[in-house]
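Take a look at the structure below.
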Amino acid sequence: MTLTSFDAQDLLTAAKAASRINDTVTLNEIYREAQARIVYDHDNEPDPMLHDVMCCITEYRLESI
């Protein structure tokens with residue numbers, strides 16, 4: 001299964017799970033997927049939950065410094 005098949009809620013759940021086990025590789029992939037959906041989906045308004053995904057990962061990164 002690839003991240004492209006995940007909806008925004010699934011991405012958020014995956015990001016929270018990956019942050020609990022310190023899986024930075026997966027967090028980076030999730031972040032890139034969320035960012036790509038926001039930047040490249042010009043036809044539709046992006047799901048606001050994608051911003052939540054990115055914030056969750058950013059918070060994890062700041063806490064791990």
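The values are calculated or read from the model by the stated rules, or taken from the named source; none is laboratory data. No experiment lies behind these values; they were computed from the predicted model shown. When we count neighbours, we look across all protein chains shown, and the Cβ atoms used for this are built from the backbone with ideal geometry, even at glycine. The accessibility values were calculated without ligands, DNA or RNA, using every heavy atom of the protein model including side chains. Shrake-Rupley method; radii C 1.70, N 1.55, O 1.52, S 1.80 Å.
Where the second residue is aliphatic (A, V, I, L, M) and part of a helix (DSSP H, G or I) and the first is within 12 Å of residue 20 (Cβ to Cβ) and lies in the range 54-65, which pairs have Cβ atoms under 7 Å and are six or more apart or on separate chains?
56/12; 56/15; 60/27
Which ones in the range 1-29 are in a helix (DSSP H, G or I) and either at pLDDT below 90 or at positive phi (or both)?
3, 4, 5
Just to be sure before I move on: is residue 8 open to solvent by less than 60 Å² (accessible area, probe 1.4 Å) and touching an Asp or Glu at 6+ places or on another chain (Cβ under 7 Å) in the structure I sent?
Considered against the rule, which asks whether it is open to solvent by less than 60 Å² (accessible area, probe 1.4 Å) and touching an Asp or Glu at 6+ places or on another chain (Cβ under 7 Å), residue 8 comes out as yes.
If you check every pair at least six apart or on different chains, which have Cβ atoms under 7 Å apart with a residue in the range 14-33 that is closer than 8 Å to residue 57 by Cα first and a residue that is small (Gly, Ala, Ser) and assigned to a helix (DSSP H, G or I) second?
Here the result reads 27/15; 27/18; 27/19, each pair linking the range 14-33 to a residue that is small (Gly, Ala, Ser) and assigned to a helix (DSSP H, G or I).
For the range 37-62, what are the residues that are of a type outside the set (Lys, Arg) and at pLDDT below 90?
38, 39, 40, 41, 42, 43, 44, 45, 46, 47, 48, listed by residue number.
Quick one: in the range 30-65, of everything that is open to solvent by 100 Å² or more (accessible area, probe 1.4 Å) and assigned to a helix (DSSP H, G or I), which residue is nearest to residue 8 (Cα to Cα)?
32
Condition (residue is out of contact with any Pro (no Cβ under 8 Å at 6 or more places or on another chain), over 16 Å from residue 3 (Cα atoms) and not polar (S, T, N, Q)) applied to the range 17-33: is it met by at least one residue?
The answer is yes; a qualifying residue exists.
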